[in-house]
Amino acid sequence: MNKGIKDFFKKNTKDLIVPFAMILFGLIFTIVPGTSMATMVRFFGIFLLIAAAIVGAVSYYNKTYIFMGIAIAGGIVGLICALTPGFVASFTISLVGFIILFNAVLRLYTTMQVRKGEKKILPFLINDIITAVIGVIMVINPFSAAKGVIRVLGIVILIFGVTNLIEVINVYRNGRFVDDGTDVVWEE
């Protein structure tokens, strides 16, 4: 059995697409998180515009006006996302920050009410205070917070891409694929 590098790429080309794409996107998200975030929001907006156009056309043809209204609303949101991705990203992160902050304040209150006399209250308080601080940061400086989230997402994607690549290489070196007619399985 030939285990050379040419044979590896010949037999595993389709299995390498996802790990290499994950590594590429992970690097991009890690290196330029602001641009990545704006690009994702812009693509989401374009996707919404296309979906709204299709739903609107089908709704108009079928005379289902409720879906046409939904399509118009989706088109407006898509247009806003496509034209102002920085604003949309900042607004979304601020909104999430408010939700996190509100949740942390409620948890702080609940912790103080329920666990008043307990000695092991400190870990709960620290957790709730850290969560509240994260919420405040997301509200005060949403773009930097979003960049941090995108950077962490990039690192995670990069790690998964590298581990997937290692898995493909290990499967190629240590095993063989058997096609049983329903699925391709790995066998030692």
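The values are calculated or read from the model by the stated rules, or taken from the named source; none is laboratory data. These numbers come from a predicted model, not from an experiment. Counting neighbours? That spans all protein chains shown, and the Cβs are built from the backbone with ideal geometry, glycine included. Surface areas here come from the heavy atoms of the whole protein model, side chains and all, with no ligands, DNA or RNA. Shrake-Rupley method; radii C 1.70, N 1.55, O 1.52, S 1.80 Å.
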Residue by residue through region 150-167, the couplings from Karplus 6.51 cos²θ - 1.76 cosθ + 1.60 with θ = phi - 60°, in Hz, x for Gly and Pro, are 5, 4, 5, 4, x, 5, 5, 4, 4, 4, 5, x, 5, 5, 5, 5, 4, 5
Using each residue's phi in region 37-42, evaluate 6.51 cos²θ - 1.76 cosθ + 1.60 at θ = phi - 60° and report the 3J(HN,Hα) Karplus result to the nearest Hz, with x for Gly and Pro. 5, 4, 5, 4, 5, 4
Hey, if we sort 24, 153 by accessible area with the 1.4 Å probe, largest down, what's the order? 24, 153
By accessible area of protein heavy atoms, probe 1.4 Å, what ranking do 77, 114 get, highest first? 114, 77
Report the gain in length on full extension from residue 53 to residue 113: 0.36 nm times residue separation, minus Cα-Cα distance, nm rounded to one decimal. 16.4 nm
Could you pull out the trypsin sites (Lys or Arg not before Pro) across region 58-158 that fall in loop regions by DSSP (anything but H, G, I, E, B) with no more than 15 other Cβ atoms inside 10 Å? 63, 115, 116, 119, 120
Karplus couplings for region 81-86 from phi (6.51 cos²θ - 1.76 cosθ + 1.60, θ = phi - 60°), rounded to Hz, Gly and Pro as x? 5, 5, 8, 10, x, x
Under a Cβ-Cβ cut-off of 13 Å, what is the net charge of the residues other than residue 29 that fall near it, where Lys and Arg count +1 and Asp and Glu count -1? +2
